[in-house]
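Each reported figure results from applying straightforward, stated rules to the coordinates on display, with no laboratory input. Keep in mind that what you see is a predicted model, and the values were worked out from it rather than measured. Cβ placement follows ideal geometry from the backbone for every residue including glycine, while neighbour counts extend to all protein chains displayed.
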Amino acid sequence: MNKQEQANKFFKLVDILEQLRGEHGCPWDKKQTHKTLMKYLFEESNEYNEAVEKEDYNNMKEELGDVLLQVIFHAQIAKENNKFDIYDVLDTINEKMIRRHPHVFGNSKATTEEEIRKEWEKIKAEEKKQKDRGIEG
């Protein structure tokens, strides 16, 4: 499967959530909020944890899908409230992963796990300082 086919699977899930919450969508889905959905996010995460403990890969696959559904669901609600959308979420995590791995994506000389961990802690502390000052990272 090529990258475009993979991406299309993701887009399909985003479209499904848009339809479920749309004008002709599901009444239950349409009335959900971030707060009403929180129990499901925790529940699905716990079910994934149980599958990992059992090393049940088929169930892990299903439960990760349920967790992903919750992420997309929350992002759709935020989009409807003009706060952010799933693509903003992806931008944020992509930027964070690149920023926190300069030994892979930057010019860091860290090579050992200990050096990488110390660098990661330093980066995370700087992000926290910026966040506390109200600067988006």
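Taking a straight Cα-Cα cut-off under 24 Å and skipping sequence neighbours fewer than 8 places away in the same chain, the lysines within cross-link reach of Lys128 are Lys83, Lys96, Lys109, Lys118. Remark: Asp91, Asp132, Asp66 ranked as Asp132, Asp91, Asp66, counting other beta-carbon atoms within 10 Å and listing the fewest first. Each of Trp120, Trp28 was scored by other Cβ atoms within 10 Å of its Cβ. Listed from fewest to most, they are Trp28, Trp120. Select from Glu62, Glu121, Glu47 the residue whose mean-square fluctuation is largest in a Gaussian network model of the chain (Cα-Cα springs shorter than 10 Å). Comparing Glu62, Glu121, Glu47 in the GNM, the peak value goes to Glu121. Which log10 I(q)/I(0) values does the chain give at q = 0.11, 0.13, 0.15, 0.20 Å⁻¹ under the Debye formula, counting every alpha carbon as one identical point scatterer? So the normalised log intensities are -0.60, -0.82, -1.03, -1.22. Scaled against 2.2 N^0.38 Å for its residue count N, the alpha carbon radius of gyration of the stretch 3-80 is 1.20. Tyr87 sits among other residues whose Cβ lies under 14 Å from its own Cβ, and their net charge, with Lys and Arg +1 and Asp and Glu -1, is -4. Taking Ala75, Ala125, Ala51 in turn, the Gaussian network model of the chain (Cα-Cα springs below 10 Å) assigns the largest fluctuation to Ala125. Between Arg99, Arg21, Arg117, find the one with the highest GNM mean-square fluctuation for the chain; connect C-alpha pairs within less than 10 Å. Greatest mean-square fluctuation among the candidates belongs to Arg117. The modelled label-to-label distance for the pair Asp88/Leu64, using points 7 Å beyond Cα in the direction of Cβ, is 2.7 nm.
Residues Lys39, Lys30, arranged from fewest to most other Cβ atoms within 10 angstrom of their Cβ, appear as Lys39, Lys30.
What does the charge add up to near Lys30, with Lys and Arg as +1, Asp and Glu as -1, over the other residues with Cβ less than 12 Å from its Cβ? For residues surrounding Lys30, the net value is -2.
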